[in-house]
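Taking it in order: structure first as structure tokens, then the write-up.
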Amino acid sequence: MGDCPSPRIRRLQRLPAALAGLAVLAALLCGAVWLALPRTSLYPERITWSRLTLDRQGGALDLSPAGDGRYRLKISSAQVSPALKQAVIAYEDRRFPAHGGVDFLSLLRAAAGYLAGIDAGGASTLTMQVARLRFGLDTRTLPGKAEQMLRAWQLEKYYTKDEILEAWLNLAPFGGNIEGIEAAARIRCGKSAARLTRAESLLLAIQPQSPETRCPERICAPDSREGKARERIYRLMTHEYGWREDGLLRSFHMPMRPAVPHLAPHFSRLARSSSGESVVQTTLDAGRQRRLEEALALHPRLDGDYSLILIHAPTREVRAWIGSPDFGDAARRGQVDGNLARRSPGSLLKPFLFAHALDAGVITPDTLMSDVPSSYQDWTPANYSRVFHGPVRARDALRMSLNMPAVKLMEQVEPGYLHQMLARAGIPLKNPGEYGLTLVLGSAEITPLEMAGLYAALADDGCARSLRFLRSQPSSSGGVPMWSPAARWLVLDMLARPDDGCSWKTGTSQNLRDGWLAAVRGEYVLIIWTGDFRGGRRMRYAGQETALPLLSACLPALELPEAVLERPKEIRDVEICSISGDLPGSACPGRSAGFFIAGVSSLRSCTLHQVFLVDERTGRRVRRPGGRDGLAAKVYEVWPAELAEHFHRVGLPLQSPPPWEDASPASASPPPRILSPVSGRNYLTVDSEGNPARIALRAAAGQGAELHWFLGRRYLGKTLSGETLEIPAEAGSGTLTVADGAGQSSSMHLRVVRPR
């Protein structure tokens, strides 16, 4: 019999089987653990993301930090430059497509290098790095490293390689408070990760291993650790991955100072609030916005605040937006957006009233209007200059922003028109019934943004349409125009300023806290507001003094194309009396060219210039010449009573017609003339808010004349010339009469109806 093996030999003979069993048991245990691993998310719980605002061309306008103060933008793997992804895998984890989350070959190589005292590279795979970032692991300890490996298997179980790579691209550190490749590309390269060049990809790919020391903007010496890292990835990509060798690629450096995009911060904040997306593409023109901000930074600083909006009228797109002089100036409330603040618009609503009056045929651009003092109960409108100009053309009344002609025009065409127009445009008013005639002078509060929409309608198609902030916003439908093309063209022509190449209108609030300007140049509308966010009155804010200088600074910077508005075919040329603006008669001393709307404008013959026979011996007018000698035909200007009174009050010489030869002294002055109500118009018993309406009675007569009002035989009350008496608008009709102390009178038919 042979010798029996010793117990030690038998144990050694059984060792392979035992090891195999242990291996099987370990494999079974690992398999069981792997199977038991639950599904988890790729990203940390409650992670937040930055919001990126883009201009209309896709360039970055503004990047806001995430909730934890870090710049972190989520991006899909498909949106990242292929060169960057290739460089990351080559440098961080060359066997990433093959391993199951843990690269055991790299582990063995790293362990051997550690024991030998040499740097053999790290063993952390891309999946393990995602696990560390996802779960916040401390991988400097053995338990931490073990959990990192376990978590890597967990992620590999439920996610594809592309999903894991995408998570790494979104979470990898890039120094400071920058995380993720998209934020790094936007801040360090000024572009999206999709547009990274090979050189940029190389420098960004090596940074996450040492985020603070490998900042791409640093100039890396060839013998430094940073330089060696760049040289290593360069060799990898050229020698092993087939990239063409390029000296520029090898020595490329990024700008020294990374910059977080921060253009148009007020607008970017508004755009982000309009969309739930992390990346929002807007309608803003970054080039014009940048030039505008630079021009205003060089402009002498106002003792106050301002805001500006530029609108492309045909598309209603916002192209430039400045909400305050300095977003970061907390002392001056720089984060307040003046474009969204409700302010008194002063005279900026006047052009819309004039457009309506042109459409109603009440005026032409050359209609003579009266700028003389008139009272409405306890209210006497005055001009900003405190000067009254007497007779003025409609175009001059609008350009000079005279208040009295505008109030009278509003009273004449429809007292509630502006309120109705604002309602159609979707602009709400607080307590709309309180405004009345004062609305045309800016008694309501409107935001510059709303005002921009109104002027965009005036410059385009007359329709109230929503302004667009985002490229994804659909264009709103046109609807019914508020003014005809002819009226819009005439208003812009009346406001045209050849020196500036645009049409503009200023506005000043009654309390001098707001100075405005609205400008139209071709297809573009610019709204400027000036004032004080803190509500102080350290200076007077008047459109001419504070907003107009800003227009001079803005126009060159904006580089708006000049465009000539096509004249509508309804606009016709007409010869007019150069003084009255009416069709000239034989007595008119001069003629000029004017415009009218065919089929709409009411044209009348000039009654200002009249020919009378005068007895040269007595100096009186003659009704019946009867073949007498010594009579001469003379031309006189017969002004309305309120204008004649104005000339007398301001001391202007006026050669009035002499009295009739058969007239008594008491009847030397002309009879009173009814200014309100308007003949031929139906009045309603209720106003636009459904409240009981009132009718203003006002007439012009000789200076200081006392006037008495009657409706049929009913006495209504008395006023002085130019003053107003209001009566309830009661349904019915009758003859309204006004008479002066000399028995001279004027009458009209007044009709008041109930609304249907």
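Beta carbons closer than 6 Å, at least 6 apart along the sequence or on distinct chains, pair a first residue in the range 231-246 that is of a type in the set (Val, Ile, Thr) with a second that is at pLDDT 80 or above and surrounded by 14 or more Cβ atoms within 10 Å (Cβ to Cβ) for 233/91; 233/202; 233/206. Within the range 467-479, being open to solvent by less than 80 Å² (accessible area, probe 1.4 Å), in a loop (DSSP other than H, G, I, E, B) and modelled with pLDDT of 90 or more holds for 467, 469. Residue count for the range 64-84 satisfying the condition of being open to solvent by 10 Å² or more (accessible area, probe 1.4 Å), outside any loop (DSSP other than H, G, I, E, B) and of a type in the set (Gly, Ala, Ser): 3.
For the range 134-151, check the following and say yes or no: at least one residue is open to solvent by 20 Å² or more (accessible area, probe 1.4 Å), closer than 22 Å to residue 205 by Cα and in contact with a Phe, Trp or Tyr (Cβ under 7 Å, 6 or more places away or on another chain). Scanning the range 134-151, I find at least one residue that is open to solvent by 20 Å² or more (accessible area, probe 1.4 Å), closer than 22 Å to residue 205 by Cα and in contact with a Phe, Trp or Tyr (Cβ under 7 Å, 6 or more places away or on another chain), so the answer is yes.
For every residue, the table says whether it meets (1) hydroxyl-bearing (Ser, Thr, Tyr); (2) modelled with pLDDT of 95 or more.
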site	(1), (2)
373	no, no
376	yes, no
386	no, no
401	yes, no
413	no, no
423	no, no
449	no, yes
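Output the number of residues of the range 180-190 satisfying the condition of being in contact with a strand residue (DSSP E or B) (Cβ under 9 Å, 6 or more places away or on another chain) and open to solvent by less than 30 Å² (accessible area, probe 1.4 Å). Counting residues in the range 180-190 that are in contact with a strand residue (DSSP E or B) (Cβ under 9 Å, 6 or more places away or on another chain) and open to solvent by less than 30 Å² (accessible area, probe 1.4 Å) gives 7. Residue-level check: of (1) touching a Cys at 6+ places or on another chain (Cβ under 9 Å); (2) closer than 29 Å to residue 705 by Cα; (3) of a type in the set (A, V, I, L, M, F, W, C), residue 650 misses just (1).
Filter the range 49-59 for residues that are open to solvent by 30 Å² or more (accessible area, probe 1.4 Å) and touching a strand residue (DSSP E or B) at 6+ places or on another chain (Cβ under 6 Å) and give the result. Listed by number, the residues that qualify are 49, 51.
Checked against the criterion of being over 17 Å from residue 88 (Cβ atoms), open to solvent by 30 Å² or more (accessible area, probe 1.4 Å), over 45 Å from the mean Cα position of the chain (by Cα) and at pLDDT below 90, the range 232-239 has at least one qualifying residue. Residue 560 - would you say it is within 21 Å of the chain's Cα centre (by Cα) and closer than 21 Å to residue 395 by Cβ? For residue 560, the condition - within 21 Å of the chain's Cα centre (by Cα) and closer than 21 Å to residue 395 by Cβ - is not met.
Might you let me know whether the range 592-599 holds any residue that is small (Gly, Ala, Ser), farther than 30 Å from residue 285 by Cβ, more than 46 Å from the chain's Cα centre (by Cα) and surrounded by fewer than 18 Cβ atoms within 10 Å (Cβ to Cβ)? No: the range 592-599 contains no residue that is small (Gly, Ala, Ser), farther than 30 Å from residue 285 by Cβ, more than 46 Å from the chain's Cα centre (by Cα) and surrounded by fewer than 18 Cβ atoms within 10 Å (Cβ to Cβ).
When the criteria are applied in full, residue 482 meets the requirement of being assigned to a loop (DSSP other than H, G, I, E, B), at pLDDT 95 or above and either touching an Asp or Glu at 6+ places or on another chain (Cβ under 8 Å) or open to solvent by less than 50 Å² (accessible area, probe 1.4 Å) (or both). Applying a threshold of 9 Å to beta carbon distances and a minimum spacing of six or more residues, or different chains, the list of pairs starting in the range 475-496 at a residue that is on the phi > 0 side of the Ramachandran plot and ending at one that is part of a loop (DSSP other than H, G, I, E, B) and open to solvent by 30 Å² or more (accessible area, probe 1.4 Å) reads 479/464; 479/465. Within the range 624-668, the set of residues being farther than 29 Å from residue 370 by Cα, at pLDDT 80 or above and acidic (Asp, Glu) comprises 629, 661.
When the strands (runs of 3 or more DSSP E) confined to the range 681-756 are screened for residues that are of a type in the set (A, V, I, L, M, F, W, C) and in contact with a strand residue (DSSP E or B) (Cβ under 6 Å, 6 or more places away or on another chain), those reaching at least 3 such residues are found at 694-700, 706-711, 732-739, 745-753. Residue count for the range 405-439 under the criterion of being hydrophobic (A, V, I, L, M, F, W, C), in contact (Cβ under 8 Å) with a residue 40 or more places away in the chain and farther than 30 Å from residue 315 by Cβ: the result is 5.
Taking residue 70, is it under 21 Å from residue 179 (Cα atoms) and either modelled with pLDDT of 95 or more or touching a strand residue (DSSP E or B) at 6+ places or on another chain (Cβ under 9 Å) (or both)? Steps first, please.
On the way: under 21 Å from residue 179 (Cα atoms): yes; either modelled with pLDDT of 95 or more or touching a strand residue (DSSP E or B) at 6+ places or on another chain (Cβ under 9 Å) (or both): yes.
For residue 70, the condition - under 21 Å from residue 179 (Cα atoms) and either modelled with pLDDT of 95 or more or touching a strand residue (DSSP E or B) at 6+ places or on another chain (Cβ under 9 Å) (or both) - is met.
Collect the residues in the range 737-750 that are at negative phi and over 49 Å from the mean Cα position of the chain (by Cα), keeping them in residue-number order. Steps first, answer last, please.
Going through the range 737-750, the residues at negative phi turn out to be 737-742, 744-750.
If the condition is that a residue be at negative phi and over 49 Å from the mean Cα position of the chain (by Cα), then 737, 738, 739, 740, 741, 742, 744, 745, 746, 747 are the ones that fit.
Taken over the range 698-733, the criterion of being on the phi > 0 side of the Ramachandran plot and within 51 Å of the chain's Cα centre (by Cα) is satisfied by 704, 717, 722, 732.
Residues that are part of a loop (DSSP other than H, G, I, E, B), touching a helix residue (DSSP H, G or I) at 6+ places or on another chain (Cβ under 8 Å) and aliphatic (A, V, I, L, M) within the range 592-628 comprise just one, 600. Only one entry of 89, 118 meets the criterion of being open to solvent by less than 60 Å² (accessible area, probe 1.4 Å) and either at pLDDT below 75 or under 16 Å from residue 193 (Cβ atoms) (or both), and that entry is 89. For the range 600-629, filtering for residues that are under 12 Å from residue 658 (Cα atoms), of a type in the set (S, T, N, Q) and crowded, with 16+ Cβ neighbours inside 10 Å leaves 0.
Residues in the range 704-734 that are among the hydroxyl-bearing types (Ser, Thr, Tyr) and either modelled with pLDDT of 85 or more or open to solvent by less than 70 Å² (accessible area, probe 1.4 Å) (or both): 719, 721, 724. Scanning the range 428-466 for residues that are at positive phi and surrounded by fewer than 22 Cβ atoms within 10 Å (Cβ to Cβ) yields a count of 3.
Within the range 156-205, being of a type in the set (Val, Ile, Thr), over 22 Å from residue 43 (Cα atoms) and not in a helix (DSSP H, G or I) holds for one residue alone: 197.
The values are calculated or read from the model by the stated rules, or taken from the named source; none is laboratory data. The structure displayed is predicted, hence computed values, not measured ones. Don't worry about glycine lacking a Cβ; one is built from the backbone with ideal geometry, like all the others, and counts go over all protein chains shown. In case anyone asks, the SASA skips ligands and DNA or RNA and just uses the protein heavy atoms, side chains included. Shrake-Rupley method; radii C 1.70, N 1.55, O 1.52, S 1.80 Å.
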